[in-house]
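Below is one structure; the comments refer to it alone.
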Amino acid sequence: MSGKFQFVLCQINSRVGDINYNKNKIIHAIKEYSDNEIKSVIVFPELALSGYIPLDQLYYNDLHYKLELALEEIKSISGPNVVIVGTPRRVIVKDKILLYNSAFVITNGRVQDIVDKTLLPNYDVFHEKRYFLPSNGPKTITIENLKIGLQICEDMWDDRPEHKIKVTQEQINNGADLIINISASPYHWEKPEDRLTVVQNHVNQNQNKIPFAYLNLVGSQDEIVFDGRSFIVNSNGELATCSKSFQEDFLVFYFEEETKTVQVKSKIKNNYINEWESEIYQAIRINLSDYLEKNHLTNNVLIALSGGIDSALTTALAVDILGKDNVKTVYLPSKYSSDESTKSARELANNLGIELLEIPINEIHDNMIKTIISNTNVKEEFTLADENIQPRIRSTILMYLSNKFGGIVISTGNKSEIACGYTTIYGDSVGGKNLIGDLYKNEVYRLAEYFNRDQERIPNSIINRPPTAELRPNQKDNDSLPEYSILDRILELIIEEELTIKEIVANGFDVDTVKNVLKLVRRSEFKRSQICQTVKLKKRTFGIGRLYPVTSGFIP
């Protein structure tokens, strides 16, 4: 044996619960990268066989039965290669079922070793302690004379205060020549930089400096995005190479046993981190595409245009991702809709080359109010109820058209509005997916300007116009909310940073404004518990990663 190994990091897009699909993708990669001239180690991400993460489906015995059958097939074609594949593992002890998040090491048709995840995350979108047991401790595997510290995702984040076991250090102390971490690490802005920093610190802070290979899942699952971006850090702590982001890719490198060094087959293929606008766009793109494909939905989507920035950006995103023939828009003006809104909606549709249906709701609105008043003792005075009935009429029409034409409705609310409840439940919040729900209002404008960098796809009249819901005469958003430049920062401190009122005020904000914003956020929890999923773009996103009670008397 030459002492040289070929490693292939297979950055694949798995589908949760579609075990046959995942198995076939894994087998195809094994056959593609088998090399008779050199020992090949072909590596797949965390829970690649089941998809990350099946949640309570992990309690079904049939899921594990299918996973075990799939592993048998993978074993049967492994040949002399070493295949490392992430999958849930079921162990039955005295009629009790134990579950582990595991990596199977397979060669010559058999399981050579099994490594279980040591550190189980239980924060943000992670709920692994609900399902899995931790390993008995960090482990190294041996391939001929090569010792590898094999880790699973959170195992490398051992600097978190809740973790007492130092996985990487123990593996190095046990003689590891190389560290490999297989992950399913969700994306949010700044997360890629955090990953690289953690790995470089592991390499640089250890006396025995050894290379570190990081493999991440790619694709999207519900609101979570996996950005891929696998990489190799050499023994000098330098980024040797990285894979593409937000798409499948295969990273090949060689390890020289004698010198304990890595040689990369190709240099860095692209920037490890791109500009904010590009990153956010790519995350939204893969999330929408995967959401439709993995749920076996058509590529047709329906969006309500208002003449405002949120629906304009949402539509521009959908057209760019799905193509103009797959995006249908509807403009549903009421008596309070301005001529400017009508002109802007038409101009946007024309710029993007998409179909625009115009359905005035005045007659429907007046008939509905008349019917209600004539059959109840409701007074004929204009109140919040009269504002909210307008978006609810629109949502009924949208869902009717969705059923008629096929395709889901895309909701258009931004994070500022969703946070403050500045949305009508069962009205403009209706939809099967939201693309911009983790972007604050000012970020919506920022991304819209990015879309217009080459040509004016979103009319400048929309970008420059003061935001308004147009549910009553002369309405503006700042009639009900602080200026977005102030509101968005306060919301960031409440949601992302989880600061108290006192701490937020210490950041230079008026105490009454902070209290009012926090009150809006707390009172809107019941709305957020009923709206559609968005795309996770920040470290704290409404949805599975932020579990707040609807009923609570706690005020931070």
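Points worth noting:
- Number of the condition not met by ASP428 [criteria: (1) in contact with a helix residue (DSSP H, G or I) (Cβ under 6 Å, 6 or more places away or on another chain); (2) at pLDDT 95 or above]: (2)
- Residue check for TYR59: at pLDDT 95 or above, surrounded by fewer than 20 Cβ atoms within 10 Å (Cβ to Cβ) and closer than 26 Å to TYR187 by Cα: no
- THR314 vs. criteria at pLDDT 95 or above, within 20 Å of ARG446 (Cβ to Cβ) and in the same structural domain as GLN455 (by TED's automatic domain parsing): yes
- Failed criterion for LYS129 (all others in (1) assigned to a loop (DSSP other than H, G, I, E, B); (2) more than 22 Å from ILE180 (Cα to Cα); (3) basic (Lys, Arg) hold): (1)
- Test: residue in region 239-248 that is surrounded by 17 or more Cβ atoms within 10 Å (Cβ to Cβ), closer than 23 Å to ILE354 by Cα and either modelled with pLDDT of 95 or more or of a type in the set (Val, Ile, Thr) (or both): no
- Among the numbered conditions (1) at pLDDT below 95; (2) crowded, with 16+ Cβ neighbours inside 10 Å; (3) among the basic types (Lys, Arg), the only one that LYS379 does not meet is (2).
- Number of the condition not met by LEU302 [criteria: (1) buried (at least 17 other Cβ atoms within 10 Å of the Cβ); (2) part of a helix (DSSP H, G or I)]: (2)
- Any chance ALA48 is buried (at least 21 other Cβ atoms within 10 Å of the Cβ), part of a loop (DSSP other than H, G, I, E, B) and either in contact with a strand residue (DSSP E or B) (Cβ under 9 Å, 6 or more places away or on another chain) or aliphatic (A, V, I, L, M) (or both): yes
- For region 237-274, a residue qualifies if it is of a type in the set (A, V, I, L, M, F, W, C) and either within 28 Å of the chain's Cα centre (by Cα) or not in a strand (DSSP E or B) (or both), and the qualifying residues are LEU239, ALA240, CYS242, PHE246, PHE250, LEU251, VAL252, ILE268, ILE273.
- Any hit, region 204-215, residues being of a type in the set (Gly, Ala, Ser), under 20 Å from GLU128 (Cβ atoms) and outside any loop (DSSP other than H, G, I, E, B): no
- Counted residues, region 324-380 - those being free of Cβ contacts under 8 Å to residues at least 24 places away in the same chain and not in a helix (DSSP H, G or I): 6
- Of all residues assigned to region 217-236, at least one qualifies as being buried (at least 24 other Cβ atoms within 10 Å of the Cβ), assigned to a loop (DSSP other than H, G, I, E, B) and either without any contact (Cβ under 8 Å) to a residue 24 or more places away in the chain or of a type in the set (A, V, I, L, M) (or both).
- With respect to (1) free of Cβ contacts under 8 Å to residues at least 12 places away in the same chain; (2) crowded, with 22+ Cβ neighbours inside 10 Å; (3) of a type in the set (Ser, Thr, Tyr), the lone exception for SER416 is condition (1).
- Residue in region 111-154 that is nearest to GLY79 (Cα to Cα), counting only those that are polar (S, T, N, Q) and under 29 Å from the mean Cα position of the chain (by Cα): GLN151
- With respect to being more than 30 Å from THR383 (Cα to Cα) and either surrounded by 19 or more Cβ atoms within 10 Å (Cβ to Cβ) or modelled with pLDDT of 95 or more (or both), GLU470 falls outside the description.
- The listed residues are ASN13, ASN36, and the only one of them that is surrounded by fewer than 18 Cβ atoms within 10 Å (Cβ to Cβ) and not in a helix (DSSP H, G or I) turns out to be ASN36.
- Some residue of region 243-261 being farther than 10 Å from PRO211 by Cβ, free of Cβ contacts under 8 Å to residues at least 24 places away in the same chain and not hydrophobic (A, V, I, L, M, F, W, C): yes
- VAL330 surrounded by 18 or more Cβ atoms within 10 Å (Cβ to Cβ) and assigned by TED's automatic domain parsing to the domain that holds GLN282: yes
- Candidates ILE172, ILE165, filtered to the one that is in contact (Cβ under 8 Å) with a residue 24 or more places away in the chain, more than 18 Å from PHE231 (Cβ to Cβ), assigned to a helix (DSSP H, G or I) and not basic (Lys, Arg): ILE172
- Hey, SER78 closer than 17 Å to ASP113 by Cα and either assigned by TED's automatic domain parsing to the domain that holds ILE114 or touching a residue at least 12 places away in the same chain (Cβ under 8 Å) (or both) or not: yes
- Selection from region 132-150 of residues that are closer than 22 Å to THR107 by Cβ and not in a strand (DSSP E or B): SER135, PRO138, LYS139, GLU144, ASN145
- For THR541, the criteria (1) of a type in the set (Ser, Thr, Tyr); (2) modelled with pLDDT of 95 or more; (3) surrounded by fewer than 16 Cβ atoms within 10 Å (Cβ to Cβ) hold in every case but one, which is (3).
- Residue count for region 471-516 under the criterion of being part of a helix (DSSP H, G or I) and closer than 19 Å to LEU384 by Cβ: the result is 4.
- Subset of region 83-102 [surrounded by 11 or more Cβ atoms within 10 Å (Cβ to Cβ), out of contact with any Asp or Glu (no Cβ under 8 Å at 6 or more places or on another chain) and either among the hydroxyl-bearing types (Ser, Thr, Tyr) or not in a strand (DSSP E or B) (or both)]: THR87
- Among residues that are touching a residue at least 24 places away in the same chain (Cβ under 8 Å) and exposed (fewer than 14 other Cβ atoms within 10 Å of the Cβ), ASN20 is included.
- In region 455-472 there is at least one residue that is out of contact with any helix residue (DSSP H, G or I) (no Cβ under 9 Å at 6 or more places or on another chain), more than 25 Å from ILE408 (Cβ to Cβ) and assigned by TED's automatic domain parsing to the domain that holds GLN390.
The values are calculated or read from the model by the stated rules, or taken from the named source; none is laboratory data. Source: prediction; values computed, not measured. Glycine also receives a Cβ, built like all others from the backbone with ideal geometry; neighbour counts cover every protein chain displayed.
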